[in-house]
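The structure appears below as structure tokens.
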Ligand code: SAH
Ligand code: F3S
């Protein structure tokens with residue numbers, strides 16, 4: 001029932017995707033599967049890079065793997081159940097090939113630590129999100145049937161000098177991670193526990209990675225962080241220690257707005273996206289930067305979780321309904337054609353029918369372009385789990401979620417219909433899944449557009465006339481190569 005509408009960004013829907021690089025003869029083979037958020041997919045590229053240097057090439061064929069890694073998600077209970085099922089499927093593989101090693105990475109590794117080895121006997125290795133540089137050592141420890149664990153969270157690690165191996169991508173769009181961890185402590189969220197304190201990556205290494213991708217033919221990058229607007233470079237270390245930095249470091253600190261403009265100027269032909277923005281940390285500086293640079297996409301993913309100020313307070317979101325609406329109004333003012341998407345949680349503890357109606361009425365006000373909607377899943381050790389009873393019956397959570405999804409579907413259709421008759425620049429990402437004769441790509445607003453391929457190809461920016469739509473996709477007709485991105 002947890003549904004993310006459309007196929008707009010890579011997310012939980014990209015469950016269990018295996019990725020392949022550089023199949024060298026001989027050598028050891030790594031099979032890596034990623035679950036959950038974009039950050040995990042990005043991290044798997046760092047892991048592949050680290051293990052590549054240790055002699056592992058990746059394979060998409062699990063049968064020939066020497067090492068199987070699952071990069072896991074803990075955000076909701078269902079995400080963890082999916083991974084557990086996958087681990088049990090490895091039973092047969094290991095029966096046929098006892099020397100096969102199985103490792104768990106990511107948030108589930110961090111949340112469960114060595115307990116995971118107790119509960120999932122097939123697992124040989126557990127490595128948390130800040131321990132990937134240690135993977136060659138950990139893998140080395142596995143000889144002779146030993147097990148290895150490293151779940152130490154770091155205050156500095158940003159993997160900034162590791163050049164990610166681009167896995168299974170389309171060669172057109174890529175992720176660049178800019179922050180790690182999160183300090184927001186939303187009461188429902190496990191991320192601050194699994195990914196540790198928030199820290200930002202050196203902006204120069206981000207610009208260099210963008211330039212490198214541009215030189216290799218990439219046309220779009222997404223700057224990734226749990227809370228990108230909170231990005232702050234003052235020489236490294238946890239963000240909460242900013243006040244301890246020297247006067248000089250504080251005076252020359254790089255904010256997210258500044259970082260965005262640095263990247264936009266370094267690669268003017270590249271489209272730039274970012275995710276995720278948190279309402280309480282998003283300031284007008286960033287909105288003006290988006291408006292000022294043509295190559296920064298007019299799209300903001302702005303999770304709100306609830307339309308009720310009472311629930312927002314219990315969620316420790318740091319803003320109320322009115323402040324969120326004021327931010328939406330400023331976005332519409334400063335960036336008139338900006339698409340906005342949401343994340344919502346239905347059935348948070350104590351949520352009443354009235355609170356739920358406030359969520360629906362907020363949606364009516366904003367009319368989001370699309371959204372990612374979930375029912376509440378209690379996560380161990382979070383503030384909500386410790387202080388509040390998970391008191392909304394599952395059936396009721398699901399009913400509310402269905403209403404929220406239905407409303408979003410109406411609004412997505414409405415927003416898509418507003419595009420019909422207009423022209424838009426589409427970055428082509430590949431051939432449409434439904435027909436070889438058509439291409440698909442995205443607009444700056446992140447709308448998926450499908451059109452007849454003619455001579456166009458992946459990586460082209462094409463001016464397209466929008467001729468029709470449904471709630472998930474726009475249909476169009478190519479006009480000519482676009483002059484802008
Ligand atoms: N800032 C992060 C948020 C990660 S979690 C980001 O980069 O997107 C993604 C979404 O999952 C959240 O916005 C929230 O809507 C949902 N979520 C998080 N914890 C949840 C929980 N315990 N139950 C249900 N949904 C949850
Ligand atoms: Fe989670 Fe809130 Fe951070 S949703 S990732 S604690 S901004």
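Once a ≥ b ≥ c are taken as the square roots of the eigenvalues of the Cα gyration tensor of region 189-315, is the result rounded (a/c under 1.5), prolate (a/b larger than b/c) or oblate (a/b not larger than b/c)?
Because a/c hits 1.5 or more and a/b fails to exceed b/c, region 189-315 counts as oblate.
Between residue 88 and residue 433, with labels modelled 7 Å along Cα→Cβ, what's the label distance in nm to one decimal, could you check?
2.7
Only helical DSSP H runs with n ≥ 4 go in: add -39500 (n - 2.57) per run for the chain, normalise by residue count and round the 222 nm mean residue ellipticity to 500 deg cm²/dmol.
-10000 deg cm²/dmol
State whether region 423-481 is rounded, prolate or oblate according to the following rule on the C-alpha gyration tensor (a ≥ b ≥ c being the square roots of its eigenvalues): a/c under 1.5 gives rounded; otherwise a/b larger than b/c gives prolate, and the remaining case gives oblate.
Cα axes put region 423-481 in the rounded bin.
Using only alpha carbon pairs under 8 Å that are at least six residues apart, calculate the relative contact order of the chain and give it in whole percent.
11
With a point put 7 Å past each Cα toward its Cβ, work out how far residue 418 is from residue 364 in nm, to one decimal.
1.8
Quick one: plug the Kirkwood hydrodynamic radius of the chain (C-alpha pairs) into Stokes-Einstein at 4 °C, 1.567 mPa s, and report D in µm²/s.
The diffusion coefficient I find is 55 µm²/s.
Rounded to the nearest angstrom and ordered from largest down, what semi-axes does the equivalent ellipsoid of region 370-469 get from its C-alpha gyration tensor (root of 5λ)?
Whole-Å semi-axes of the equivalent ellipsoid: 40, 16, 12.
Ranking 479, 325, 331 by Cβ neighbours within 10 Å, fewest first, what do you get?
Result, fewest neighbours first: 479, 325, 331.
Enter the per residue convex hull volume of region 163-235, computed from alpha-carbon coordinates, in Å³ rounded to the nearest integer.
Looking at region 163-235, the number lands at 110 Å³ per residue.
Quick one: length gained pulling residue 66 to residue 385 fully straight, 0.36 nm per residue minus the C-alpha distance?
111.0 nm
So, by mean Cβ neighbours within 10 angstrom, what's the order for 208-214, 350-356 with the highest one leading?
Ranked by mean Cβ neighbours within 10 Å, highest first: 208-214, 350-356.
Report, as a whole number in µm² per second, the diffusion coefficient that Stokes-Einstein gives for region 173-417 at 20 °C and 1.002 mPa s using the Kirkwood radius over alpha carbon pairs.
112
Rounded to the nearest 0.05, what FRET efficiency do residue 28 and residue 455 give with R0 = 60 Å and r taken as the Cβ-Cβ distance? Could you check?
0.90
Before anything else, pin down the relative contact order of region 423-481: Cα pairs under 8 Å, at least 6 apart, normalised by residue count, whole percent.
After rounding, I find 33 percent.
Would you list 247, 130 from fewest to most Cβ contacts within 10 Å?
Sorted ascending by nearby Cβ count, the order is 247, 130.
Find the relative contact order for region 173-417 and round it to a whole percent, using C-alpha pairs within less than 8 Å whose residues are 6+ positions apart.
Value for region 173-417: 17 percent.
Rounded, prolate or oblate: pick one for region 73-216, where a ≥ b ≥ c are the square roots of the eigenvalues of its C-alpha gyration tensor, a/c under 1.5 means rounded, and failing that, prolate if a/b is larger than b/c, else oblate.
Because a/c hits 1.5 or more and a/b exceeds b/c, region 73-216 counts as prolate.
For region 346-368 and region 149-223, what is the separation of their C-alpha centers, rounded to whole Å?
32
Beta carbons within 10 angstrom, averaged per residue: use that to sort the peptides 138-147, 402-411, highest first.
Highest-to-lowest ranking by the protection proxy: 402-411, 138-147.
Throughout, read-outs are computed from the coordinates displayed, never taken from laboratory work. Computed from a predicted model, the values in this text were never measured in an experiment. All Cβ positions, even for glycine, are placed from backbone atoms using ideal geometry, and neighbour counts span all protein chains on display.
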